[in-house]
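The block underneath contains the structure these notes are about, expressed in structure tokens.
Every number in this text was worked out from the coordinates using simple rules, so none of it is lab data. All of these numbers come straight from a predicted model, not from anything done at the bench. Methodologically, a virtual Cβ is constructed for each residue, glycine included, from the backbone with ideal geometry; neighbour enumeration extends over all protein chains shown.
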Amino acid sequence: MKPVQCSLIGLAIATINSPHMALLEQQGHDISDYQKLMRKQRSFLTGELKSEANLMRFFVAFSEWQQQQAFEDTLNDQIAELCCSALYASVEMLQDPECDDTELLFSYIGQIHDTMDEMGSDTQPLREYTKALRAELMTQLESVSQRPAGHAIFKWLDTLDTSLFGLAE
């Protein structure tokens, strides 16, 4: 896969699961550095933001914020950690053509589903939803080979209102 496609997968995972970050914010966490980088990375991928240096400034601020987070052992915190990892990887995979953390991110999603199973949830519908979204994401990425990515994939992402773990906006 091309770096921009890998980057879009990371950003898509963070975007789809954004209701969990909103829940984290409702619990009193300041997620402004996360939100700023999400906006900048999206703008950079669409070509609206031209300055890589500007993007990296927000990436550094986000990285410092992420290192300070003491996520708890709750399901939502695990998902928030996934969102942060996906956003971080989105920028990293765009910057380093050798880096492809997409399977690692999808494995992390599976681990969270496994945790939910252990807690007594029936995750089969969520796993099927994840599989369907992943297939559609790959279809969306077929037309993307470089930056700017265009707006079609983002329009599709904006239609999704339920996380891979069942939390709706």
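Descriptive notes on the structure:
- Protection-proxy order for peptides 109-118, 40-49, each taking the mean of Cβ atoms within 10 Å per residue, highest first: 40-49, 109-118
- Here the sum of -39500 (n - 2.57) over DSSP H runs of 4 or more residues, divided by the residues of the chain, equals -23000 deg cm²/dmol at 222 nm, to the nearest 500.
- Using only the C-alpha atoms, the convex hull of region 63-162 corresponds to 124 Å³ per residue.
- Between F165, Y129, A61, the Cα set farthest toward the positive side of the dipole of the chain (charges on each charged residue's Cβ, about the Cα centre) is that of A61.
- Qualifying aspartates and glutamates (Cα of each under 15 Å from Cα of K40; at least 8 residues distant if same chain): E48, E52, E92
- The local environment of E169, defined by Cβ-Cβ distances under 15 Å, has a net charge of -3 under the rule Lys, Arg +1 and Asp, Glu -1.
- Net dipole in debye of the chain [+1 Lys, Arg Cβ; -1 Asp, Glu Cβ; about Cα centre; nearest 20]: 860 debye
- Scattering curve values for the chain, log₁₀ I(q)/I(0), Debye with Cα scatterers, q = 0.09, 0.18 Å⁻¹: -0.28, -1.18
- Phi-based couplings in Hz for region 70-77 (Karplus 6.51, -1.76, 1.60; Gly and Pro marked x): 10, 5, 8, 8, 10, 4, 5, 5
- Charge sum, other residues only, whose C-beta stays under 12 Å from A12's C-beta, Lys/Arg counted +1 and Asp/Glu -1: 0
- Between L87, M119, I109, the Cα set farthest toward the positive side of the dipole of region 3-159 (charges on each charged residue's Cβ, about the Cα centre) is that of L87.
- Converting phi to 3J(HN,Hα) with the Karplus coefficients 6.51, -1.76 and 1.60 and the offset θ = phi - 60°, region 158-169 yields 5, 7, 7, 10, 10, 5, 5, 10, x, 8, 8, 5 Hz in sequence order, with x at every glycine or proline.
- Around K155: net Lys/Arg minus Asp/Glu count, Cβ-Cβ under 13 Å: -1
- For region 85-122 and region 1-15, distance of Cα centres in Å: 11 Å
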